[in-house]
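Participant: For reference, the structure I am asking about is given below.
The values are calculated or read from the model by the stated rules, or taken from the named source; none is laboratory data. As the structure is a computational prediction, the values presented were derived from the model and not from experiment. Cβ: placed from backbone, ideal geometry, glycine included. Neighbour counts: every protein chain shown.
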């Protein structure tokens, strides 16, 4: 099972230098995830002040809000993609995550193409798998 693990923080570390010890601890944790065969992707995100939020409402014209998003109580700071056997295993890994301050980490299972078998034909599921393979090949070229 694949899971997206979303790291949220109450305050955006906009002008804060990262704590070197926390970064070292996170790098060690990432090494442990990689060695265990759990880690399949991860990244940190720039602050919301460098982003935008687009609100879509049916056929109406999209609304664009430039960051920072002052109405947000929390922001997504980073994320991982993990391959584990269960939600419980993902939770156990998150419990080991280095942290300082207030942080919430959300764990969400990623859909697999086969989970849409009731909606899509075998051919459509194969098309999705082919598309994902093309996407991975494109990423490998860069």
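Participant: Would you mind stating whether residue 78 is in the same structural domain as residue 29 (by TED's automatic domain parsing) and touching a strand residue (DSSP E or B) at 6+ places or on another chain (Cβ under 9 Å)?
Facilitator: Numbers: in the same structural domain as residue 29 (by TED's automatic domain parsing): yes; touching a strand residue (DSSP E or B) at 6+ places or on another chain (Cβ under 9 Å): yes.
Yes, satisfied.
Participant: Is it fair to say residue 141 is touching a helix residue (DSSP H, G or I) at 6+ places or on another chain (Cβ under 6 Å), outside the structural domain of residue 6 (by TED's automatic domain parsing) and at pLDDT below 90? Quick ask: steps written out before the conclusion?
Facilitator: Details: touching a helix residue (DSSP H, G or I) at 6+ places or on another chain (Cβ under 6 Å): no; outside the structural domain of residue 6 (by TED's automatic domain parsing): yes; at pLDDT below 90: yes.
Spelling it out, it is not the case that residue 141 is touching a helix residue (DSSP H, G or I) at 6+ places or on another chain (Cβ under 6 Å), outside the structural domain of residue 6 (by TED's automatic domain parsing) and at pLDDT below 90.
Participant: Scan region 107-129 and tell me whether some residue there is in contact with a strand residue (DSSP E or B) (Cβ under 6 Å, 6 or more places away or on another chain) and surrounded by 14 or more Cβ atoms within 10 Å (Cβ to Cβ). I'd like the intermediate steps shown before the answer.
Facilitator: So the first thing to find is which residues in region 107-129 are in contact with a strand residue (DSSP E or B) (Cβ under 6 Å, 6 or more places away or on another chain), and the list is 107-110.
Then keep just the ones that are surrounded by 14 or more Cβ atoms within 10 Å (Cβ to Cβ); that gives 107, 109.
Yes: region 107-129 contains one or more residues that are in contact with a strand residue (DSSP E or B) (Cβ under 6 Å, 6 or more places away or on another chain) and surrounded by 14 or more Cβ atoms within 10 Å (Cβ to Cβ).
Participant: Of the numbered conditions (1) touching a helix residue (DSSP H, G or I) at 6+ places or on another chain (Cβ under 8 Å); (2) modelled with pLDDT of 90 or more, residue 31 fails exactly one; give the number of that condition.
Facilitator: (1)
Participant: Quick one: which strands (runs of 3 or more DSSP E) sit completely within region 28-129 and have at least 3 residues that are touching a residue at least 60 places away in the same chain (Cβ under 8 Å)?
Facilitator: Details: elements: 39-44, 52-55, 63-66, 75-83, 103-109.
So the answer is 75-83, 103-109.
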